[in-house]
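Notes to accompany the following structure.
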Amino acid sequence: MMWFKKIRKKKVQSIFIVVILMVCSMLMTSSFVIMTAGNAPYEALTEECRSPVLKIYPFRSDESEIAGQIKEKMEKLSMVEQVEVIPYYYIIDRIRINGKKSIEGFFDLMTLNDRSHGSIRMLEGSRELKDGQCLIPAVLSNSEEIKVGDFLEIGKGISYQVAGIYTDPYNMNLSFDSEIIVKENMQSEDLKYQVHVFAKGEKIGDEVLDIYREQNGTILEGRAITLEARIENNQMTELILGGILLGISVVILCISGIMIRYMIKSTLISEKKTIAIYKTLGYKNGKIISIYLKFYGFLIVAGTILGSSLSKLISDSFTKITFQNLGVTSSSNIIFDGIFCSSIIIAYGMLCVYLLLRNVGKIRPMEVFRNEAAHTGKKQKNVTNALGFSPLHMAMRMIFRDKKYTCMLVITCIMAAYCVNFAATAMVLLDDFSEKNYYWIGFDKHDVSFTSTDLKTYEKTIEKLQKEKEVEKVIKTTTQVAVSVPWEKGMGDTILSTMVYDTYENLDMPVILGRNPVYSDEIAMGSLMAEKMNKQVGDYVDIYFNGSQKATFLLCGIYQSFYDMGKSCRLLGRTLEEQNISFLYEGASIYLKEGFEQEEFLKDHGKEYESDGKLIDRKEKYENILNMITGPQMLAIRPFMVMALLLGGLNIIAVVYLKNMDNRKIQGIYKAIGYSSAHLLKTNITYVFIISLFSLCITIPIFIVAFPKTMVLSLAVMGFLEYPVSFNVTVVIMSNLGTLAVYLFSALAASKSLYDNPISELTSE
Amino acid sequence: MKTCVMKTEKVCKSFVSDGEVNNVIKNLDVKLYQGDFTVIMGSSGSGKSTLLYLLSGMDKVTSGKVYLKERDITGLKESAMADIRKDSIGFVFQNMNLIPDLTLLENVLSPSFQSKIRKEDKKKRAETLIEKMELYPHKNKFPNQLSGGQKQRTAICRALMNKPEILFADEPTGALNSNAGKGVLDTFTRLHEEGQSIVMVTHDLKAAVRGSRVIFLRDGRIDGELEQGPYRQKEEEARERMLYEFLKERNW
């Protein structure tokens, strides 16, 4: 049990190793748990709800007829079990809850269908609906605190009482259309139709879609959403969050690896003599290595397992909402992920330990006994004398004479500082997302948005708006036109959401290549779709209107956007007119004259236009989409920053503390010749200050170059090619000063031992 | 009339180990004089090294007082004590205790860090000391590149750098071979001849004869003193005999 005694002897080092590996293990296990926790409950929910494998939203014109045609064609497919056409109303107005709070989002007022809704998981209330009652999804209930019995007013005096709360795989995320289920749709006008397709056996939505297209000349006259795509998108939040945490844990593990190496190295140096004595007593290298291997192995295993066990604290706090929306009471299971992550960390830790412990074989007893005064045992070269002994001089000497140690500390500082800079800047940018929502979603930078709730009065309302004294210009828009690109097998959904403007001239509507359409034969496309179609600016692209009407356009620009996960395009209104596509503008971008504020305008005119549509601040537009992207990042970034700082600080404390312990004798000598503890403390602080400052000077430019590239990489799934960052100088300065302060405080905390009196130890061996 | 540079009044030093109190120095009164080469002798555990550390301010007394030129230095704060160690005291350890990261020249210069003397003068003084000790060719070497004797002579240079009132030495020849040890003792003799006050702990008869005064400790108390007068090489045998008799009387 010699190894066990070492834990008592090396308490501080043991605590450091256990704590650091515990943090790594906690983060890594929880990241895996967050990414995978939803899988089993989603499978169970899908099985229970017997949901359609495919939902199709037919194109706008003659929806009921098209829906009927799609149903007919679908029913002919051997793999299709049943097809239902269900009427629904897309809620344009804000929903008012109990006559007070009003909310906005993507909501369908869906007519209850026995086949589609017969097996949805009811969390509260009953599936049996009376007139004037509705069922709402748990995600809406949880996010807006809507309870059974509450009233939802859905425009123009139509109100439903919540009779039950349900959940199903299609209604788990407010970023996508969510269904409020009613017995009878009170909205008789503007009814649309959805086609729900149920497959036989284990067939999935994509398989049904592929066969449908193959048998119907590649044409599908509507937008299709498959069950598997929806589940995947639902889990996007957890995947982003888990991915961020996994990245953090890997970075932290790398930093920890460096630090643990240093600790072991320091132990081997300080215990050189002990090892030499063991050797003279006849211990073989293998036996000595096994003592240390058991000691460090125990610490690594203990820290890792402890971290994995505690990972539940992190993962549960993040998965809680998902589980609530799924209607599952049990929390995430960490056993499998815990074992997996622990194995990785333990293997990595033991490898680090073993590679260093191999050096035990190089320790030769007689050399150690003869050369006690030599600090490193390494032959030193003659150097130029540095004659100063101020804290600055001593610190500089430490830096240049122990380069390996300095490099290690610099790397540790850089990694931690990079994490802090990353977190601080990301937080500022995320905070700024609503201000720059036009860039991320891909629309123009206007002041106020108008959405019509009565298309008959649209033109009059626009005319009226244009005459308002505050208004500079009004641009007519619509997003209600869907176009599709030519289908190829395995391509999935071919629909592009379309932003139709009556003009793009003189609008701040960013493109990353080329420009927005000026002529009626031009189209601008999202980068994701352009890349999928292998098209560049200047190429011609084929587009289908209403699924079958083909037209060719010049690709004049490429932009990036979160809108519809990057699958969108921009067209001019007159392009649609020339193609004889019937469409109606339903939105408008309002630009205010200089000197007029949005808030004032909304306050003065909000009520006035209430009967024709709704006016909202541009910054509130597509809030749900942005929340899906920024929410998980905001959740993860704060703990990330705290962890990075904590670990950076912990590293400095460990390294400086261990260095002080190693240099105890040297400190004793300095004190014996008249140096005060304060002088030695100042030396330590100066040393850490110089290293920290140097590290920050390296980190900041690296960070400025690497940060946008990292973000582009993380958003590549949505086709992002650029990530414009305007660094907030104050934030960069403050976060780096904060980091510096943490480093210095850590050095101060680690230097407490300098005030001990090691002079008396100079005579004792 | 000799001038007293340091004295103690009823100094006690106790160590507690496993709850047991071990009184190493017991109510000891001693005076050290300007220009004396005082040798402290005694058997193992008699408290000679402990006394040296108390006198040099390296350790704190349990009770009693220590005066340096009439100034009570017993209860001084750490920084004030550090100043005294820097300005008034030089210390040579048995195991040299050179700073391994510093070159020979840097080690010698290290105590002069707050001195008001110009940098060039400091360097000149350090180089003079090094030259005197015949170490000049090695001034850029690190401690692990020096022999034992060279290291100890470097330690003496370092102790003398700030022109201390008293030079303390704890078994300075203990870790050296006879040749190197003789060289170090010659250095001490020369320094004494130049007027340096020296207090040295040793159990080596050859080293002890170099002192002008020998104090013998037993169980933490002074058991006897011998005035030998300044060292003359030609009197070495006679001094050795006298010292031998002195020690024999004390069953050493």
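Key figures
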| read-out | value |
| --- | --- |
| Every residue from region B:119-134 that is under 13 Å from B:L109 (Cβ atoms) and away from chain A (no Cβ under 11 Å) | B:D121, B:K124, B:R125, B:T128, B:L129, B:I130 |
| Pick from region A:144-200, criterion of a type in the set (S, T, N, Q) and within 21 Å of A:N627 (Cβ to Cβ), ranking: farthest from the chain's Cα centre (by Cα) | A:T167 |
| Considering residues of region A:109-135 that are touching a helix residue (DSSP H, G or I) at 6+ places or on another chain (Cβ under 9 Å) and of a type in the set (A, V, I, L, M, F, W, C) only, the residue surrounded by the fewest Cβ atoms within 10 Å (Cβ to Cβ) | A:L123 |
| Residue check for A:Y166: closer than 24 Å to A:K320 by Cα, touching a residue at least 40 places away in the same chain (Cβ under 8 Å) and either of a type in the set (S, T, Y) or surrounded by 22 or more Cβ atoms within 10 Å (Cβ to Cβ) (or both) | yes |
| Qualifying residues in region A:444-456 (those that are outside any strand (DSSP E or B) and at pLDDT below 90) - the one farthest from A:Y563 (Cα to Cα) | A:K456 |
| Given (1) within 14 Å of chain A (Cβ to nearest Cβ); (2) in contact with a strand residue (DSSP E or B) (Cβ under 6 Å, 6 or more places away or on another chain); (3) surrounded by 19 or more Cβ atoms within 10 Å (Cβ to Cβ), index of the condition B:K86 fails | (2) |
| Filtered residues of region B:68-94 (kept if within 22 Å of B:P172 (Cβ to Cβ), without any contact (Cβ under 8 Å) to a residue 40 or more places away in the chain and in contact with a helix residue (DSSP H, G or I) (Cβ under 7 Å, 6 or more places away or on another chain)) | B:R85 |
| Any hit, region B:133-154, residues being closer than 21 Å to A:F389 by Cα, of a type in the set (S, T, N, Q) and buried (at least 22 other Cβ atoms within 10 Å of the Cβ) | yes |
| Qualifying positions in region A:75-88 - touching a residue at least 40 places away in the same chain (Cβ under 8 Å) and either under 19 Å from A:M110 (Cβ atoms) or acidic (D, E) (or both) | A:E81, A:Q82, A:V83, A:E84, A:V85, A:I86, A:P87, A:Y88 |
| Single condition B:E227 does not satisfy, out of (1) charged (D, E, K, R); (2) crowded, with 21+ Cβ neighbours inside 10 Å; (3) closer than 27 Å to B:T3 by Cα | (2) |
| Qualifying residue in region A:753-764 (condition: closer than 30 Å to A:G242 by Cβ and either out of contact with any Phe, Trp or Tyr (no Cβ under 8 Å at 6 or more places or on another chain) or not aliphatic (A, V, I, L, M) (or both)) | no |
| Residues that are within 27 Å of B:L32 (Cβ to Cβ) and either more than 7 Å from every other protein chain (Cβ to nearest Cβ) or among the polar types (S, T, N, Q) (or both), drawn from region B:99-115 | B:N107, B:V108, B:S110, B:S112, B:Q114, B:S115 |
| Search result, residues across region A:663-703 that are surrounded by fewer than 22 Cβ atoms within 10 Å (Cβ to Cβ), charged (D, E, K, R) and either within 11 Å of another protein chain (Cβ to nearest Cβ) or not in a helix (DSSP H, G or I) (or both) | A:K665 |
| Close pairs from region A:248-275: first more than 16 Å from A:I7 (Cα to Cα), partner of a type in the set (F, W, Y) and crowded, with 21+ Cβ neighbours inside 10 Å, Cβ under 7 Å, at least 6 apart | A:I248/A:F640 |
| Of all residues in region A:131-177 being modelled with pLDDT under 90 and hydroxyl-bearing (S, T, Y), the one that is farthest from A:T46 (Cα to Cα) | A:S159 |
| Qualifying residue in region A:399-407 (condition: away from chain B (no Cβ under 14 Å) and either closer than 24 Å to A:V742 by Cα or surrounded by 21 or more Cβ atoms within 10 Å (Cβ to Cβ) (or both)) | yes |
| Given (1) within 18 Å of A:T479 (Cα to Cα); (2) modelled with pLDDT of 90 or more, index of the condition A:N624 fails | (2) |
| Within region B:135-170, considering residues that are among the polar types (S, T, N, Q) and touching a residue at least 60 places away in the same chain (Cβ under 8 Å), the one nearest to the other protein chains (Cβ to nearest Cβ) | B:N162 |
| Residues (away from every other protein chain (no Cβ under 14 Å) and either touching a helix residue (DSSP H, G or I) at 6+ places or on another chain (Cβ under 8 Å) or within 18 Å of B:F91 (Cα to Cα) (or both)) located in region B:41-67 | B:M41, B:G42, B:V66, B:Y67 |
| Lone qualifier among A:L246, A:L191, A:L241 - being farther than 30 Å from A:F107 by Cα and among the aliphatic types (A, V, I, L, M) | A:L246 |
| Some residue of region A:525-540 being under 33 Å from the mean Cα position of the chain (by Cα) and in a strand (DSSP E or B) | yes |
| Exclusive hit being in the same structural domain as A:D612 (by TED's automatic domain parsing), within 28 Å of the chain's Cα centre (by Cα), farther than 30 Å from A:N660 by Cβ and of a type outside the set (S, T, Y), set A:K445, A:K464 | A:K445 |
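The values are calculated or read from the model by the stated rules, or taken from the named source; none is laboratory data. These figures come from a predicted structure and were not determined experimentally. Cβ sites come from the backbone with ideal geometry, for glycine too, and all protein chains shown count toward neighbours.
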